[in-house]
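Throughout, read-outs are computed from the coordinates displayed, never taken from laboratory work. Keep in mind the model is a prediction, meaning the values are calculated, not measured. Glycine gets a Cβ as well: all are built from the backbone with ideal geometry, and neighbour counts include every protein chain shown.
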Amino acid sequence: MASIFGLKTRGSGGFRTRNPDRDNATDIDRHKRLTDSMEQIADEIEAERNGLEARYRREVQDAGFLVDGMESDGLSQEASARAEELTRSILLCEKRLAVLTRQIALLGELRDRLRGLVGSEWTEASEPERLP
């Protein structure tokens, strides 16, 4: 038995590691799965934002018509309640759109960072330094 740092080892190889090509293939697969997941999440956020923006535009348009009617005829109780509902809905839409915008920006930063990892510390297994 050989001795390394006072520890007994079997054979001359000592500690075995996996094949670096296998490790690299595993790393590339993980990178692809992560990238695909991020793209799926980005698509979900984009779809939610597009739908919300369409509803937001309709609510703002409805509020504009309501204000026009209010200026010419005054506000009925029903119109007043609708105006409050539209105001509340518009404010909630604006808050949610801000959150979605931040999420999209964050995902963009993460995707850029992930792209920068390809071919660097993410996938290339470095050779261990040789001991003197």
For this session: Grab the beta carbon distance between Asp68 and Glu48, set R0 = 30 Å, and tell me the FRET efficiency rounded to 0.05.
Result: 0.45
For this session: Would you mind getting me the FRET efficiency between Asp112 and Arg58? Use the beta-carbon distance for r and R0 = 35 Å, nearest 0.05.
Result: 0.50
Problem set entry | Cβ-based net charge around Leu107, under 14 Å, with every Lys or Arg adding one and every Asp or Glu removing one | -3
Exercise. Under the Karplus relation 6.51 cos²θ - 1.76 cosθ + 1.60, θ = phi - 60°, what is the ordered set of whole-Hz ³J(HN,Hα) values for segment 53-63, x standing for Gly and Pro?
Worked result: 4, 5, 5, 4, 4, 5, 5, 5, 5, 4, 5
Exercise. Which shape class applies to segment 23-117: rounded if a/c is under 1.5, otherwise prolate when a/b exceeds b/c and oblate if not, where a ≥ b ≥ c are the square roots of the Cα gyration tensor eigenvalues?
Worked result: prolate
